[in-house]
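To keep things clear, I will list the structure first and then write my remarks on it.
The values are calculated or read from the model by the stated rules, or taken from the named source; none is laboratory data. Treat the numbers as computed from the prediction; the structure is a model and nothing was measured. Quick reminder, even Gly has a Cβ in these numbers, built from the backbone with ideal geometry, and neighbours come from all protein chains shown.
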Amino acid sequence: MAGRIRRTMNNEIYDPSVLESIETRLSELTDQYAKSSPELKAAINYSLLSGGKRLRALLVKAASQLIDPDNKNWIDCACALEMMHCYSLIHDDLPAMDDDNLRRGKPTNHIQFDEATAILAGDALLTMAFEVIANTSVNDSIKIKQIQILAHASGANGMVAGQAIDLASTNQEIDFEHLKTMHKLKTGALILASVQIGALCEPNITPSQQSALKQYAQNIGLGFQIIDDVLDVESDTQTLGKPQGSDSEANKSTYVKHLGLQTAKDTALQLIEQACEHIQIFEHPQMLNNIALFVLNRKH
Ligand code: GRG
């Protein structure tokens with residue numbers, strides 16, 4: 001497996017034309033679904049069109065093309081996932097939550113506009129995500145499943161629950177299992193939903209293939225968070241010369257604190273290798289392979 005990882009490591013997942021099509025469609029969708037208030041639309045577009053890795057959108061595309069690489073009906077679902085993700089970031093940055101001033105290298109939404117506008121921009125993106133899926137041209141029974149998956153992943157049994165657990169454990173050390181549950185809900189749930197919703201854009205996907213995809217998504221979701229913690233420590237050490245764990249969130253539990261830096265890296269590698277194993281049953285696993293490797297090797 002390590003050989004396979006090495007062979008595919010340098011493949012590019014960021015096909016510029018794919019990213020461009022996502023950006024263009026996002027912009028078209030806000031033209032269509034946020035036309036009543038130019039001020040609100042400006043706040044929505046400020047965050048939605050401000051870059052980001054588009055990981056969730058790319059997962060939707062890759063999962064939709066595991067059987068037929070020419071499948072084209074993924075784009076609106078991909079945009080819906082980015083809308084949901086963007087809402088969570090805008091609200092996460094608010095003073096009542098993480099109180100952050102910068103996101104993707106720019107002032108956060110409530111700094112650029114104001115708090116009320118940022119709340120509304122997040123609310124609008126959250127509901128827009130469902131409206132976009134409800135209006136795609138796939139058949140109604142598939143759309144209902146996609147909407148159920150997104151609602152479950154983003155709501156009180158998913159991302160919002162993860163955020164609630166995170167807030168409740170502020171300034172507390174939490175045990176390893178609790179930490180994993182929190183991240184599984186806070187970030188893992190939407191990553192899993194991206195893959196499941198993408199797979200449903202492919203009419204011939206079987207239940208056993210869906211189950212392999214679930215394993216893949218759970219592995220990369222956890223790997224993503226472990227790498228996030230590793231990057232936090234490494235950027236602190238490199239830019240500030242601070243020793244591991246001396247950042248301003250010193251009481252926060254992280255995978256690096258629980259496992260140590262090297263074991264955290266090894267665990268992430270193992271998770272990504274296993275993720276890639278799970279999807280080898282497909283005819284066209286390459287893009288999902290590359291996304292898994294990107295998660296492992298990302299630098300931001
Ligand atoms: C407010 C309901 C509510 C939920 C917020 C997802 C979330 C829950 C908060 C995000 C805060 C955070 C820093 C989570 C850790 C995972 C992470 C790094 C998310 C950012 O996702 P990326 O790296 O972002 O995919 P880009 O900018 O690339 O889209």
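Checking each residue in the range 24-61 for being surrounded by 14 or more Cβ atoms within 10 Å (Cβ to Cβ), small (Gly, Ala, Ser) and within 15 Å of the ligand (Cβ to nearest atom) picks out SER47, SER50, GLY52, ALA57.
Determine, yes or no, whether ASP98 is closer than 30 Å to GLN210 by Cα and surrounded by fewer than 19 Cβ atoms within 10 Å (Cβ to Cβ). Against the criterion (closer than 30 Å to GLN210 by Cα and surrounded by fewer than 19 Cβ atoms within 10 Å (Cβ to Cβ)), ASP98 does not qualify. From the list ILE191, ILE226, the one residue that fits, being touching a residue at least 60 places away in the same chain (Cβ under 8 Å) and within 12 Å of the ligand (Cβ to nearest atom), is ILE191.
Where helices (runs of 4 or more DSSP H) fall entirely within the range 45-142, those with at least 2 residues that are under 22 Å from GLN196 (Cα atoms) are at 55-64, 75-92, 115-134.
Yes/no matrix, rows are residues, columns are (1) among the hydroxyl-bearing types (Ser, Thr, Tyr); (2) modelled with pLDDT under 95; (3) under 30 Å from GLU39 (Cβ atoms); (4) surrounded by 23 or more Cβ atoms within 10 Å (Cβ to Cβ):
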position	(1), (2), (3), (4)
ALA118	no, no, yes, yes
ASP123	no, no, yes, no
VAL138	no, yes, no, no
LYS143	no, no, no, no
LEU179	no, yes, no, no
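Note on the range 39-91: residues that are modelled with pLDDT under 95 and within 16 Å of the chain's Cα centre (by Cα) total 4.
Residues in the range 209-218 that are free of Cβ contacts under 8 Å to residues at least 40 places away in the same chain and surrounded by fewer than 19 Cβ atoms within 10 Å (Cβ to Cβ) were compared, and the one that is nearest to the ligand (Cβ to nearest atom) is LYS214. In the set ASN135, ASN171, which member is away from the ligand (no atom under 15 Å from the Cβ), on the phi > 0 side of the Ramachandran plot and in contact (Cβ under 8 Å) with a residue 40 or more places away in the chain? Step by step, each of ASN135, ASN171 is checked, and only ASN171 is away from the ligand (no atom under 15 Å from the Cβ), on the phi > 0 side of the Ramachandran plot and in contact (Cβ under 8 Å) with a residue 40 or more places away in the chain.
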